[in-house]
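Heads up, the thing below is written out as structure tokens.
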Amino acid sequence: MVTPKTVRLYGYGGFMLPRLGATALGTLTAGALGLGTITTAAPTAVASSPSKAAEVEAYLRERMAATDTPGLAYAIVSSESIEQVGTVGHDGAGSAITPSTPFLWGSVAKPVTATTVMTLVEAGTVDLDAPVRTYLPEFTLADADSSERITVGDLLAQTSGIPDGTDATDRFDEREEPYEEAVAELADVEPLFPPGERHEYSSANYLVLGAVVEAVTGQDFTDYLHAHVLDPLGMTGVVTTPEDAAARVPDGHAYAFGRPITVTSHYDVAGPSYGYLGGTVEDLARFTMDQLAGHHGGSRVVGPDSIADLHAGTAAVSDGHDYALGWRVDDRNSDLGTTTIWHGGGAQGYQAMTVLLPELDLGLVVLQNIYGIFQDGELAGTGLEAARVLAGGTPEPVGSDPSYGVALGALGAVLLAVATALGWAIHLLLRSRAVRVSGAGVPRGGDRAARGGREPPFGAALCAGRRLDADRGHRRGVGAGRGPLDPRRHPAAPPVGRCRAASAAQPVTLARTAVRKTAAGSPAAGGSISPSCNDTRPCTFAHSAVAIDSGAGESGNAPEMTARRTASSSGSNVRAPARAALGPTSDGRTSSPNMIR
């Protein structure tokens, strides 16, 4: 029998120094760093090779860089000891990751819950083949037959037919009876298939298992978990409540356009049985070590038969990949002489992986403080391929999810379209404001008073009695052919047939926002303001260039509308279509018909 020895996890910041070799390191207190102690068996021959641990360390660093993972902790274990612990990077607050830094484990909670249920099986209080309603009569789905037939084993193997994504999981509200109320949410859920037909992964299965544990034991799930699994294994740093998570778990990270950002994780009070356990790398290493020890009859919480049931593939997931009782089993490392038993998990801001290589008596734990749905495969691949390195193999390439690139491209196109539309809207708004006559363009003195105390919105444009194209219809006179403006409704309108003017010798150019005074087609000095127009000079607009002739063309009360183009500074005019008319601007240049659209 191997004599146990006590060692301390030592080092901080970057990767831990390997704790290898046959020489006992002695009993060390928890004073420095407050890490506590671990009682383990002497290292095996496999653990005495530091080169393999160094390769795992190098690979993990490489994967961290490839996935932009801010912080990571890992542990290599055998059935007798925690062989090496390493940390690198920082948490969401910028502090260095240490062996005592808590991570959320996500669905790695499922093998812990499955082990908890097996303690009840060994105690004879739960039968895997018994219907769930034997222990939880209130368990109900939308299909009455399935509700009666689903067994405890179906929940463990995820063959119940309950779909994933129900409203019962991932809830962050406060509840007096978390499991009871969460299970009640399943009453309207329609199963996907009859119980036992096939495997369909759903966290709701393990939510119900938590309720079964409470119903059978009469205790809160977390209380029974501590008493029968966590405490016997020395897993003292495990997070099991929202209060503990808020106080101890630092912010994790998510991906935004492929780059890590800090996020605050939430906690479901009914989540410890399916995905909201957390703890340090040392805590999960102790659980992994005990699962390996179970293959040799050395588990502290369940016997070898229970370990065999937990790790035996029960439901086919794909070729060479089965789901056992809370564990996944596949042949990815069969070429290296070992079965691979594993489970990964993702929670907001965190990813976890635990891997057993039972034929090699090795296990690996990898905790990362980042998670993204599209990056799930990449992050899980970090732990799985690191386990292959530990087994003596060459890691396979880990590819990214191609749908992530598609999603990013689609999102980029949407954002570009929104930005373009917003930019165009702002452009139109600014241009619309620019064409309005500003206060600087309002005639002063007696001419303003003659117009009832205010200038028409576009000055001489009201003479036309129709929509002014220059403002895209925002300013409107009377419609074409409907006669002159009614002075009772438009007290600011000038008399019919003419545009009032204080000067009979000078035309006026309306250029965007101001009425500018010109002399013989040249700019007025200082940009002084002149009244509208007269009987011999047309009103000229720099951009819509509508000229109004209210003299010889007058017929009855309706003014004749003509468009004129100022051909020279002498004031001679050439008739042209009103909407395409050209006129001199305030700086003497000819305006384009496309300036106002």
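General remarks:
- Inter-residue pairs, beta-carbon under 9 Å, first farther than 23 Å from F257 by Cα and in the range 414-433, second hydroxyl-bearing (S, T, Y), 6+ apart: R433/T513
Yes/no per residue for (1) touching a His at 6+ places or on another chain (Cβ under 9 Å); (2) at pLDDT 95 or above; (3) crowded, with 19+ Cβ neighbours inside 10 Å:
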{"residue": "A93", "(1), (2), (3)": "no, yes, no"}
{"residue": "I97", "(1), (2), (3)": "yes, yes, yes"}
{"residue": "F103", "(1), (2), (3)": "no, yes, yes"}
{"residue": "S107", "(1), (2), (3)": "yes, yes, yes"}
{"residue": "V112", "(1), (2), (3)": "no, yes, yes"}
{"residue": "T125", "(1), (2), (3)": "no, yes, no"}
{"residue": "D129", "(1), (2), (3)": "no, yes, no"}
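- Qualifying positions in the range 83-106 - in contact with a Phe, Trp or Tyr (Cβ under 8 Å, 6 or more places away or on another chain) and more than 22 Å from V56 (Cβ to Cβ): L104
- Residues satisfying the stated conditions in the range 314-346, i.e. farther than 16 Å from L357 by Cβ, modelled with pLDDT of 95 or more, assigned to a loop (DSSP other than H, G, I, E, B) and open to solvent by 10 Å² or more (accessible area, probe 1.4 Å): L325
- Checking T98 against (1) in contact (Cβ under 8 Å) with a residue 60 or more places away in the chain; (2) touching a helix residue (DSSP H, G or I) at 6+ places or on another chain (Cβ under 8 Å); (3) among the β-branched types (V, I, T), the condition it does not meet: (2)
- Top-ranked residue of the range 294-312 - restricted to ones that are surrounded by fewer than 20 Cβ atoms within 10 Å (Cβ to Cβ), small (G, A, S) and not in a helix (DSSP H, G or I), ranked as nearest to the chain's Cα centre (by Cα): A312
- Test result for I370, in contact with a strand residue (DSSP E or B) (Cβ under 7 Å, 6 or more places away or on another chain), assigned to a strand (DSSP E or B), surrounded by 23 or more Cβ atoms within 10 Å (Cβ to Cβ) and among the aliphatic types (A, V, I, L, M): no
- So L277, is it in contact (Cβ under 8 Å) with a residue 60 or more places away in the chain and open to solvent by less than 10 Å² (accessible area, probe 1.4 Å): yes
- Residues that are more than 14 Å from V132 (Cβ to Cβ) and in contact with a helix residue (DSSP H, G or I) (Cβ under 7 Å, 6 or more places away or on another chain), drawn from the range 183-198: P194
- Residue pairs meeting the criteria (Cβ under 9 Å; at least 6 apart or on separate chains; first crowded, with 20+ Cβ neighbours inside 10 Å and in a helix (DSSP H, G or I), in the range 236-255; second of a type in the set (S, T, N, Q) and modelled with pLDDT under 95): A245/S265
- The range 59-91 - residue that is in contact with a helix residue (DSSP H, G or I) (Cβ under 8 Å, 6 or more places away or on another chain) and either part of a loop (DSSP other than H, G, I, E, B) or charged (D, E, K, R) (or both) and, of those, surrounded by the most Cβ atoms within 10 Å (Cβ to Cβ): E83
- Complete set of residues in the range 316-336 that are touching a Gly at 6+ places or on another chain (Cβ under 9 Å) and over 22 Å from T119 (Cβ atoms): H321, D322, D330, D331, R332, N333, S334, D335, L336
- Any hit, the range 118-129, residues being farther than 19 Å from A215 by Cα and touching a residue at least 24 places away in the same chain (Cβ under 8 Å): no
- Picking from residues in the range 401-432 that are over 17 Å from the mean Cα position of the chain (by Cα) and polar (S, T, N, Q), the one that is modelled with the highest pLDDT is T420.
The values are calculated or read from the model by the stated rules, or taken from the named source; none is laboratory data. Please read all numbers here as calculations on a predicted model, not as lab measurements. Please note: Cβ atoms are built from the backbone with ideal geometry, for glycine as well, and neighbour counts cover all protein chains shown. SASA here: full protein model, heavy atoms, side chains in, ligands and nucleic acids out. Shrake-Rupley method; radii C 1.70, N 1.55, O 1.52, S 1.80 Å.
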